[in-house]
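Read the structure below first, then the notes.
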Amino acid sequence: MRRDYFDLTVEGVSDDADDPMMPLVRIDFHGPEGLLRERLSNADGKLLSAAEIDVALRLREPLSDGHDIEGVVGVTNRFTGDFVLELNETAADVLPFIRAAREYGDATDDEARYRVEIDIDGERLVSYDKGTFLVYDHEGNLLRGESLIPSGVEL
């Protein structure tokens, strides 16, 4: 599936610590509907649940403060490891989202720290409340300090 089939928008990333809101990432797909629906379905043809997907960012080069690092946001099927979708994003766009999700969770003690909505041409297909967002460096190593990992979760 082509990465340019996707548009990503983010809401709820602000500096207002007095009124934290659950960050939202909306992914809108503009490609063959059947392809995305198939990838978001299990073997029985039912849409995957929030517990059946993982969201991660893979960086393409070492993380540094000097410049903007390109990366790939991926949604995967947790049980098969298959990619559901991938899209290009920068660390400068994703890392503040993860920080906002961490702050929201700390302020509310809510297990779900952010929401992912996946649409097809503006029509909602699925909505997932998630508590984990993993960040990997360019060599595939987990960056624990940059990732959103709920306490008590062992990876």
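The values are calculated or read from the model by the stated rules, or taken from the named source; none is laboratory data. These numbers were taken from a predicted model, which means no experiment stands behind them. No Cβ is skipped: glycine too gets one built from the backbone with ideal geometry, and neighbour counts run over all protein chains shown.
Observations, loosely collected:
- Region 108-129, subset basic (Lys, Arg) and either assigned to a loop (DSSP other than H, G, I, E, B) or over 16 Å from the mean Cα position of the chain (by Cα) (or both), residue surrounded by the fewest Cβ atoms within 10 Å (Cβ to Cβ): Arg124
- Of all residues making up region 78-109, the number that are in contact with a helix residue (DSSP H, G or I) (Cβ under 9 Å, 6 or more places away or on another chain) and among the basic types (Lys, Arg): 1
- Among the candidates Leu57, Leu35, residue that is in contact with a Gly (Cβ under 6 Å, 6 or more places away or on another chain) and not in a loop (DSSP other than H, G, I, E, B): Leu57
- Where Ala43 falls short, out of the listed (1) hydrophobic (A, V, I, L, M, F, W, C); (2) exposed (fewer than 12 other Cβ atoms within 10 Å of the Cβ); (3) not in a loop (DSSP other than H, G, I, E, B): (3)
- Only a single criterion out of (1) free of Cβ contacts under 8 Å to residues at least 12 places away in the same chain; (2) under 11 Å from the mean Cα position of the chain (by Cα) is not satisfied by Gly74, namely (1).
- Of all residues making up region 140-149, the number that are exposed (fewer than 13 other Cβ atoms within 10 Å of the Cβ) and either farther than 16 Å from Gly74 by Cα or within 13 Å of the chain's Cα centre (by Cα) (or both): 2
- Matching entry among Val55, Val94 (being surrounded by 14 or more Cβ atoms within 10 Å (Cβ to Cβ), under 14 Å from the mean Cα position of the chain (by Cα) and modelled with pLDDT under 95): Val94
- Entry remark, region 63-115: residues being in contact with a Leu (Cβ under 8 Å, 6 or more places away or on another chain) and within 20 Å of Leu35 (Cβ to Cβ) number 8 in total.
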